[in-house]
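Following: one structure in structure tokens, then a few remarks.
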Amino acid sequence: MPDPSTPAGAADPVSPSLPLPMPCQRHALPRGDGSLALLEDGAGPPLLLVHSVNAAASSYEVKPIFEALRARRRVFALDLPGFGLSSRGPDIYTVERYVEAILTAVRAVQAMSDGRPVAALALSLSSEFLARAALQQPDLFAGLALVTPTGFEAGAQHRRGGMPEARPRTALEKALTAPLWRSGLFGLLVSRPSMRFFLRRTFGGPPDPGLVDYAWQSAHQPGAAFAAFAFASGKLFSPDIRDVYEALELPVWLAHGTRGSFSDFSEAGWTMGKPNWEISAFDTGAFPHFQAPAAFLSRFERFLDALPGDNRQTPATAARAAPHLRIVAGGGERA
């Protein structure tokens, strides 16, 4: 098994050898010396899905949504920098980098969808990145779905004010990624018992076995420790996210569970005064799309169908990649 803390050289970022999380096409979006993985299947209006951020995150986290909606939409799933099938290594992981990764993916999806605005869904902390991306470039988006987003828990009303200057690495992040103990610390964090414990807290009960297995594989790819420790340092949480959420004018659907360790939405009440916001609560943990898929998908599809300009009957344009993409299928690439 490769050492997940082993970095790639600066000019040769680590390329994960993970299997695809579900049958689909894989696009490689060039970014610096590496690439972002964008998965695709289906036909119809474009929909972008973005996984959460944790020690073992990947697009497997959105698999139930991807597989259910590809029969009626052109569905894409993005692996964020440092996670899943995207390049990894000792790079700089910041809020700005993740926002730009989402914007890069949305522009690519638009290029493959005749310029149509893109509906987008994000899980947990990635909801903050998606909201900031949509605030910066609202014309790219049709609407947003935020599933168990951070920034609505007790005390979140204090998360206001401008973003501080981006720090390449905090003191805590430098300490966590020090070569002397990086491998041992990360090995403990991503052991199977540790991952089951975290996912049990996330689900508020037994986690999905397939998610556990894929998360373990993802976390044991070379270079996996760096993005994970950037998250653990706390620097990826936006101190002004309440201002960002309140400034959104696009349609927004907030979905969350009422069980488990991530069920505090006590400060979501302000959205009731916003006509563009809707909230749905499910008797699940933080991943209602795994735990109550029928109820979740029914409500999500109603939200999507109501978005301005959405027309599920419009024939999909024949699948074509934007000029700057490579399509990867079955472990090999084709133009």
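The values are calculated or read from the model by the stated rules, or taken from the named source; none is laboratory data. Since the model is a prediction, treat every value here as computed from it, not as a measurement. Counting neighbours? That spans all protein chains shown, and the Cβs are built from the backbone with ideal geometry, glycine included. Ligands, DNA and RNA are stripped out before the accessible areas are found, and what is left, the full protein with its side chains, is counted by its heavy atoms. Shrake-Rupley method; radii C 1.70, N 1.55, O 1.52, S 1.80 Å.
Before moving on, here are some points about what is shown:
- What segment 29-128 shows is 21 Å² of accessible area per residue, with the surface traced by a 1.4 Å probe over protein heavy atoms.
- With an a/c value of 1.5 or above and a/b not larger than b/c for the gyration tensor axes a ≥ b ≥ c computed over the alpha-carbon atoms, segment 29-70 is described as oblate.
- Treating r as the C-beta distance of ALA306 and SER17 and R0 as 51 Å, the FRET efficiency rounds to 0.80.
- Taking 0.36 nm per residue of separation and subtracting the Cα-Cα distance, full extension of the segment from MET163 to ASP114 would add 14.2 nm.
- Accessible solvent surface per residue of segment 223-299, calculated while the other protein chains remain in place, 1.4 angstrom probe, Å²: 36 Å²
- Viscosity 1.002 mPa s, 20 °C: Kirkwood-radius Stokes-Einstein D of segment 185-296 over Cα pairs, µm²/s: 132 µm²/s
- Over segment 28-117, equivalent-ellipsoid semi-axes from the Cα gyration tensor in Å: 22, 15, 10
- With the highest mean first, a sort of the peptides 93-100, 191-198 on other beta-carbon atoms found within 10 angstrom per residue produces 93-100, 191-198.
- Subtracting the Cα-Cα distance of ALA43 and ASP243 from their residue separation scaled by 0.36 nm leaves 68.5 nm.
- Potential extension, ARG201-ALA281 segment - 0.36 nm per residue separation minus Cα distance: 27.0 nm
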